[in-house]
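**Student:** Can you keep this structure in mind? I'll have questions shortly.
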Amino acid sequence: MKILIINGVNMNMLGLREPEKYGSMTLKDLEKDLYAYSFELGIDIETFQSNFEGEIVEKIHEAKESFDGIVINAGAYTHTSIAIRDAISAVNIPTVEVHMTNIYKREEFRHHSYLSSVCIGQIAGFGVNSYKLGVKAVVDYLSNDNK
């Protein structure tokens, strides 16, 4: 089983951007943690980060050929990108949307996700553990033949 983990806009700033919300872990630290977790689960992962909407869309398109599931934290694109939403819908790969913070406890504009309606689920508010919960959710979904 192979899972693609996508981080969107500004996620490369983890550890620097608003540490009171996002903590001090860098994206590289998060990725190392997720690779270790994937080893525990006996799965393969690949991580990807881009600040460019089109690159994220292209990575989702490419996933059709080589990934069983996707975990995505699109960052602010969650609330603005119909293009990323349509890409997820087009590839029809089980996808879990994750957020480190609880987007429903933040500014009103963050309360709407364009992605959630094409994802199998959404996990928000558990910091870096949101990613592990998202990976586990995709693995469980695929293992239980819920495709």
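**Student:** Using DSSP to define loop residues, name the GluC sites (Glu not before Pro) in segment 83-147 whose beta-carbon has at most 11 other beta-carbon atoms within 10 Å.
**Tutor:** Details: sites: Glu97, Glu107, Glu108; in loops: Glu107.
In loop regions of segment 83-147 (DSSP not H, G, I, E or B), the sparsely surrounded GluC sites (Glu not before Pro) are Glu107.
**Student:** Report the FRET efficiency, 1/(1 + (r/R0)^6), for Glu20 and Lys136, where r is their Cβ-Cβ distance and R0 is 30 Å, rounded to 0.05. Please list the in-between numbers first.
**Tutor:** On the way: r = 27 Å, r/R0 = 0.89.
The formula returns an efficiency of 0.65 here.
**Student:** Restrict the search to segment 1-84; then list the GluC sites (Glu not before Pro) that DSSP places in a loop and that have at most 11 other Cβ atoms within 10 Å of their Cβ.
**Tutor:** On the way: sites: Glu20, Glu31, Glu40, Glu46, Glu53, Glu55, Glu58, Glu62, Glu65; in loops: Glu65.
Qualifying residues, ordered by number: Glu65.
**Student:** Here's something else I'd like to know. Please arrange Ser143, Ser113 by accessible surface area, largest first, computed with a 1.4 Å probe and ligands excluded.
**Tutor:** Numbers: Ser143 70, Ser113 10 Å².
Result, largest first: Ser143, Ser113.
**Student:** Report, ordered by chain and residue number, the lysines lying within cross-link reach of Lys28, taken as a straight Cα distance under 21 Å and ignoring same-chain residues fewer than 8 apart.
**Tutor:** Lys2, Lys59, Lys132, Lys136
**Student:** How high is the FRET efficiency from Thr101 to Leu41, r the C-beta distance, R0 30 Å, rounded to 0.05?
**Tutor:** On the way: r = 25 Å, r/R0 = 0.82.
Efficiency for this residue pair is about 0.75.
**Student:** Okay, helix-only estimate at 222 nm for the chain: each DSSP H run of n ≥ 4 adds -39500 (n - 2.57), divide by all residues, round to 500 deg cm²/dmol; what do you get? Present the calculation step by step, with values, prior to reporting the outcome.
**Tutor:** Working: 5 runs with 55 residues, N = 147.
So the helix-based figure for the chain works out to -11500 deg cm²/dmol.
**Student:** How high is the relative contact order of segment 59-147, in percent, with contacts defined as C-alpha pairs under 8 Å that are six or more residues apart?
**Tutor:** Working: 135 pairs, mean separation 29.1, N = 89.
This gives 33 percent for segment 59-147.
**Student:** Add +1 for every Lys or Arg and -1 for every Asp or Glu among the other residues with Cβ under 12 Å from the Cβ of Glu46, and state the total. The partial results should precede the final answer.
**Tutor:** On the way: positive: Lys2, Lys59; negative: Glu31, Asp44, Glu62, Asp68.
Local charge sum for Glu46: -2.
**Student:** Now, a different point. Kindly sort Asp33, Asp68, Asp44 by accessible area of their heavy atoms, largest first, with the probe set to 1.4 Å. Before the final figure, lay out the partial values.
**Tutor:** Values: Asp33 50, Asp68 75, Asp44 95 Å².
If we order Asp33, Asp68, Asp44 from most to least accessible, we get Asp44, Asp68, Asp33.
**Student:** On average, how much accessible surface per residue is there in segment 5-88, in Å², for a 1.4 Å probe, leaving out ligands, DNA and RNA?
**Tutor:** With the other protein chains kept in place, segment 5-88 gives 50 Å² per residue.
**Student:** For segment 1-100, just say rounded, prolate or oblate: build the C-alpha gyration tensor, square-root its eigenvalues into a ≥ b ≥ c, call rounded for a/c under 1.5, and beyond that prolate if a/b exceeds b/c, oblate if not.
**Tutor:** Details: a/c = 2.19, a/b = 1.14, b/c = 1.92.
Judged from the Cα gyration tensor, segment 1-100 comes out oblate (a/c at least 1.5, b/c at or above a/b).
The values are calculated or read from the model by the stated rules, or taken from the named source; none is laboratory data. Only a predicted model underlies this, so the values are computations on that prediction, with no experimental measurement involved. Note that each Cβ is placed from the backbone with ideal geometry, even for glycine, and that neighbours are counted across all protein chains shown. Remember, those area values only see protein heavy atoms, side chains included, never the ligands or the DNA or RNA. Shrake-Rupley method; radii C 1.70, N 1.55, O 1.52, S 1.80 Å.
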